[in-house]
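Okay, structure first, notes after.
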Amino acid sequence: MRYNSQPFQDVLLAFLKQEGLETPLLEYRITEAWPEVMGKTISRYTKQVFVKESKLHVQLTSAPLRQNLMMEHKRIAQKLNEYVGSYVINDVCFF
């Protein structure tokens, strides 16, 4: 008898996709990745992080930091997507 074995991760991802849970999980992973990817200093000025309509929205308490990060928004989105290993967001918006 031969069994068709697949890695657990593949089976789990297929299930999540089938049930429509893959996107919310990836969006959660992106928001949780923000402090890790951006570092402690930027995280200290971060108040709120959420995904809406394929964009990461980040509330910052420092106007100068917000201005600096706005210039790098596409690169930051790419960096976060790479960190979670999937294309989740297409942009980062700061407010």
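The values are calculated or read from the model by the stated rules, or taken from the named source; none is laboratory data. Values in this document were obtained by computation on a predicted structure and should not be read as measured data. A quick note on method: Cβ atoms are made from the backbone with ideal geometry, for glycine too, and the neighbour counts reach across all protein chains shown. Note: areas computed on protein heavy atoms with side chains; ligands, DNA, RNA excluded. Shrake-Rupley method; radii C 1.70, N 1.55, O 1.52, S 1.80 Å.
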Ordered by number, the GluC sites (Glu not before Pro) in region 23-95 that occupy a DSSP loop and have at most 16 other Cβ atoms within 10 Å are 53, 72
1.4 Å probe accessible area per residue over region 1-78, in Å²: 77
Residue order for 10, 91 - accessible surface, 1.4 angstrom probe, largest first: 10, 91
Over the chain: helical MRE at 222 nm, DSSP H runs n ≥ 4 each giving -39500 (n - 2.57), nearest 500: -16500 deg cm²/dmol
Could you work out the percent of alpha carbon pairs in the chain separated by over 17 Å, rounded to a whole number? 53
Under 12 Å from the Cβ of residue 79, count the other residues' Cβ atoms, weight Lys and Arg +1, Asp and Glu -1, and hand me the total. -1
Whenever you get a sec, compute what percent of the accessible area on the chain sits on carbon and sulfur atoms (1.4 Å probe). 52
In degrees from 0 to 90, rounded to the nearest 10, what is the angle of the helix 73-84 Cα long axis to the longest principal axis of the chain? 30
